[in-house]
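Take this structure, written in structure tokens, and hold onto it; I'll ask about it next.
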Amino acid sequence: MNSELPWWKNGVIYQIYLKSFQDTTGSGTGDINGITRRLDYLKTLGVDALWLTPMYLSPQIDNGYDVADYCAIDPAYGTLEDFERLTAEAHQRGMRIVMDMVFNHTST
């Protein structure tokens, strides 16, 4: 990689649609811990950053894109502590986290 360019110009960015990625609880819905569980595999693919689709608290009328609270994790996906652990584990592997921010889809 050319170190003169911003990381996102040459980095491998892997988008994860959380709802269908990996379910670790048996609920039928992918969750944050499923991503954490697969970090080593994603690193072997050469992934530099994970682009995560919305996991914020939502009424789920639009599959999470109708965000009700940008400061809360939807319980279907896990907890804020799960997200903090994912972020720490990703950073330990030299991977970045990019959150999908959909301000124009805020739910009321």
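Is there any pair with a first residue in the stretch 12-34 that is touching a residue at least 12 places away in the same chain (Cβ under 8 Å) and closer than 15 Å to G78 by Cβ and a second that is among the aromatic types (F, W, Y) and in a helix (DSSP H, G or I) whose Cβ atoms are under 8 Å apart and which are 6 or more apart or on different chains, and what are they?
Listed pairs, sorted by first residue: G30/F21; I32/F83; G34/F21.
Same structure again: Could you pull out every one of the strands (runs of 3 or more DSSP E) wholly within the stretch 1-78 that has 3 or more residues that are over 13 Å from D100 (Cβ atoms)?
Numbers: elements: 13-16, 49-52, 69-73.
Passing ranges, in order: 69-73.
Please state which one of N10, N63 is at pLDDT below 95 and at positive phi. It would help to see each step written out before you state the result.
Working: N10 fails: at positive phi.
N63 is the lone residue from the list that is at pLDDT below 95 and at positive phi.
Can you work out which of the residues in the stretch 80-103 that are assigned to a helix (DSSP H, G or I) and in contact with a strand residue (DSSP E or B) (Cβ under 6 Å, 6 or more places away or on another chain) is surrounded by the fewest Cβ atoms within 10 Å (Cβ to Cβ)?
Filtering the stretch 80-103 down to residues assigned to a helix (DSSP H, G or I) leaves 80-92, 103.
Cutting the leftovers down to in contact with a strand residue (DSSP E or B) (Cβ under 6 Å, 6 or more places away or on another chain) gives us 80, 83, 87, 90.
Numbers: L80: 11, F83: 20, T87: 17, A90: 20.
Looking at the filtered set, the residue picked out is L80.
Which one of I13, I61 is surrounded by fewer than 15 Cβ atoms within 10 Å (Cβ to Cβ), among the hydrophobic types (A, V, I, L, M, F, W, C) and within 12 Å of the chain's Cα centre (by Cα)?
On the way: I61 fails: within 12 Å of the chain's Cα centre (by Cα).
Unique residue meeting the criteria: I13.
The values are calculated or read from the model by the stated rules, or taken from the named source; none is laboratory data. Nothing here was measured: the structure is a model prediction, and the numbers come from that model. Positions of Cβ are backbone-derived with ideal geometry, glycine not excepted, and every protein chain shown enters the neighbour counts.
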